[in-house]
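The values are calculated or read from the model by the stated rules, or taken from the named source; none is laboratory data. Bear in mind that the values here come from a model prediction, so they are computed numbers and not experimental data. Here Cβ is always computed from backbone atoms with ideal geometry, including for glycine, and neighbour counts include all displayed protein chains.
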Amino acid sequence: SQQGEEDPQALSIQEGENATMNCSYKTSINNLQWYRQNSGRGLVHLILIRSNEREKHSGRLRVTLDTSKKSSSLLITASRAADTASYFCATDTGRRALTFGSGTRLQVQP
Amino acid sequence: DSGVTQTPKHLITATGQRVTLRCSPRSGDLSVYWYQQSLDQGLQFLIQYYNGEERAKGNILERFSAQQFPDLHSELNLSSLELGDSALYFCASSVVGETANEQFFGPGTRLTVL
């Protein structure tokens, strides 16, 4: 089974709205990373948050991490049509390999 | 453009055949990772190489093998192909072998087994 599970599986919003997606994981982590994938293309790294951090910002992205609940959230503010993609969380558990969740498909309607 | 290149972009072959996928990491990156992405299994880690040596193994089948060459490019060999091997295969690279660093993904090779 996946280490990380994203919620919701799919999300459709209007341009300008905020998009929030969540990731839950099962075991202790060193860090958690979020990636974006445009349809059929390679993944693009968005942001990394370490286990001792609670919140991190990068442009319109805000990531939170709650290690007690084993969960993370990715917030995209003022979304744009170009943000339409699948978003994956990936956990680093110290085994030298990232474990990816099942992803959230985000559709931003212009 | 991540700087990671993969060839070929598309590959169509028949069951029982053998194929080789190639990956060139970003300049300066020593670590290469292979992933398989399919509709039913999601994105699965297969194997990692660091500076020519196998560093970590994931859900890689015995029919699959990989290697990293002295010039740091890597090849993933898939043999005795089955219909279920149809998937997108991604290569990623990072500066060092530890996953604390972000990984840079190539555009992928789409394998179709008929």
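Summary table below
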| quantity | calculated |
| --- | --- |
| Residue check for A:Ser39: within 14 Å of chain B (Cβ to nearest Cβ) and within 15 Å of A:Ser73 (Cα to Cα) | no |
| Where B:Gln41 falls short, out of the listed (1) within 19 Å of A:Gly42 (Cα to Cα); (2) surrounded by 14 or more Cβ atoms within 10 Å (Cβ to Cβ) | (2) |
| Residue check, A:Ile29 in a strand (DSSP E or B), hydrophobic (A, V, I, L, M, F, W, C) and surrounded by 14 or more Cβ atoms within 10 Å (Cβ to Cβ) | no |
| Sole exception among (1) in a strand (DSSP E or B); (2) surrounded by 14 or more Cβ atoms within 10 Å (Cβ to Cβ) for B:Asp29, by number | (1) |
| Which listed residue is assigned to a strand (DSSP E or B), in contact with a helix residue (DSSP H, G or I) (Cβ under 9 Å, 6 or more places away or on another chain) and within 25 Å of A:Phe88 (Cβ to Cβ), from B:Gln48, B:Gln6, B:Gln36 | B:Gln36 |
| Given (1) touching a Leu at 6+ places or on another chain (Cβ under 6 Å); (2) part of a loop (DSSP other than H, G, I, E, B); (3) closer than 26 Å to A:Gly103 by Cβ, number of the condition B:Gln17 does not satisfy | (3) |
| Flag if A:Ser102 is surrounded by fewer than 21 Cβ atoms within 10 Å (Cβ to Cβ), within 14 Å of chain B (Cβ to nearest Cβ) and either farther than 12 Å from A:Pro8 by Cα or out of contact with any helix residue (DSSP H, G or I) (no Cβ under 7 Å at 6 or more places or on another chain) (or both) | yes |
| Subset of region A:19-36 (residues that are within 12 Å of chain B (Cβ to nearest Cβ) and free of Cβ contacts under 8 Å to residues at least 60 places away in the same chain) | A:Trp34, A:Arg36 |
| Test: A:Ala90 is more than 14 Å from A:Leu32 (Cα to Cα), buried (at least 18 other Cβ atoms within 10 Å of the Cβ) and either within 14 Å of chain B (Cβ to nearest Cβ) or modelled with pLDDT under 95 (or both) | no |
